[in-house]
1. Can you pull out every residue in segment 155-181 that is in a helix (DSSP H, G or I) and surrounded by fewer than 20 Cβ atoms within 10 Å (Cβ to Cβ)?
2. Out of all the residues in segment 80-93, which are over 12 Å from the mean Cα position of the chain (by Cα) and crowded, with 21+ Cβ neighbours inside 10 Å?
3. Within segment 12-52, how many residues are open to solvent by 60 Å² or more (accessible area, probe 1.4 Å) and at pLDDT 95 or above?
4. What single numbered condition from (1) on the phi < 0 side of the Ramachandran plot; (2) in contact with a strand residue (DSSP E or B) (Cβ under 6 Å, 6 or more places away or on another chain); (3) outside any strand (DSSP E or B) fails to hold for GLY97?
5. Does MET299 fit the bill of being buried (at least 16 other Cβ atoms within 10 Å of the Cβ), under 17 Å from the mean Cα position of the chain (by Cα) and modelled with pLDDT of 95 or more?
6. For segment 185-212, name all the residues that are open to solvent by 10 Å² or more (accessible area, probe 1.4 Å), in contact (Cβ under 8 Å) with a residue 40 or more places away in the chain and either touching a Cys at 6+ places or on another chain (Cβ under 6 Å) or more than 12 Å from VAL171 (Cβ to Cβ) (or both).
7. Within segment 110-123, which residues are crowded, with 17+ Cβ neighbours inside 10 Å, in a loop (DSSP other than H, G, I, E, B) and not polar (S, T, N, Q)?
Amino acid sequence: MELNRRRFLRWLAGTGASLMPAPRLWAAPAGRVAAKPIPATGETLPVIGMGTWKTFDVYDYPFEREQRLKVLQAFFDMGGALVDSSPMYGSSERTLGYCLERIANRQRLFAATKVWTYGQARGISQMARSRSFWNVARFDLMQVHNLLDWEGHLETLREWKAAGKIRYLGVTTSHGRRHEELEQLLRHEALDFVQFTYNVIDREAEQRLLPLAAERGVAVIANRPFMGGALFRRVRGSALPGWAGEFGCNNWAQFFLKYAVSHPAVTCAIPATSKLGHMVENMGAAYGPLPDAATREKMARLVAAM
């Protein structure tokens, strides 16, 4: 009986909270959010976006859904815009749609998702389903997820962009995979965005992909900026160096994020979190100065030595 009561109260707390927007329990730091231009148009994006892999796959769990509402509200309140998801991420798109309906300042949203299936017809159906989950008039960015059947999907996306059904198109990879194929796409296909893994330890993209994206005028979204949490494990028990305060870092999350987004070719990074406190920390990286080239090398040497 006690277990059932606890479950009921947990459910009640979740459903009750959904009747009003999440209260603001946080405040943005002083100053302006750092933003970078999208090369194709000059439109600017805040350098810290939000990923949803694993973290937002909670649609069937009311209490967890309400926690994600608070996370998303903090993201917008602190100046966030780009939210990235995918049909691959379980119920994440449905959770986003639920939360966006309850966000007071959702006009900030730069909606980015992906197509992840074989065949153009299936891709069109999947993208329509994603739009219904998000409940948006159109997506700002549609990406071909992990290059799956990219030839056919890019054809569709070009048609959709010309018709105004999407604003930007791009392709993605993750976990440092398929860089050679991605390089060929960057060289030969007209893309607005490209997304791949980049962080202070996984720096392979610095050799070819980042310079090529800059040369071709393609915006870069850096995924896995925390290396799936491995970076935090790497520095566990180590104090943040005092010199990190010179460019506005108060914690390791901001240190890692500022490294990623301070590369001249990176437009934004998309850390994912399910915790309100971590979202507030992440968004703090969008404020204050970004490290210069010499400081970036100092940061990389420090983490590599740990």
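The values are calculated or read from the model by the stated rules, or taken from the named source; none is laboratory data. Computed from a predicted structure; not experimentally measured. Heads up, the Cβs are rebuilt from the backbone with ideal geometry, glycines too, and the neighbour counts pull from every protein chain shown. The area values use the complete protein model at the heavy-atom level, side chains included, leaving out ligands, DNA and RNA. Shrake-Rupley method; radii C 1.70, N 1.55, O 1.52, S 1.80 Å.
1. GLU155, ARG158, GLU159, TRP160, LYS161, ALA162, HIS179, GLU180, GLU181
2. Applying the first criterion (over 12 Å from the mean Cα position of the chain (by Cα)) to segment 80-93 yields 87-93.
Of everything in segment 80-93, those that are over 12 Å from the mean Cα position of the chain (by Cα) and crowded, with 21+ Cβ neighbours inside 10 Å turn out to be TYR89, SER92, GLU93.
3. 4
4. Every condition holds for GLY97 apart from (2).
5. The answer is no for MET299.
6. ILE201, ARG203, GLU206, PRO211
7. Once the filter is applied, which keeps residues that are crowded, with 17+ Cβ neighbours inside 10 Å, in a loop (DSSP other than H, G, I, E, B) and not polar (S, T, N, Q), segment 110-123 yields only TRP116.
Conditions tested, residue by residue: (1) of a type in the set (Gly, Ala, Ser); (2) surrounded by fewer than 18 Cβ atoms within 10 Å (Cβ to Cβ); (3) within 30 Å of PHE63 (Cα to Cα); (4) free of Cβ contacts under 8 Å to residues at least 60 places away in the same chain.
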residue	(1), (2), (3), (4)
ALA260	yes, no, no, no
ALA272	yes, no, yes, no
LYS275	no, yes, yes, no
GLY288	yes, no, no, no
MET306	no, yes, no, no
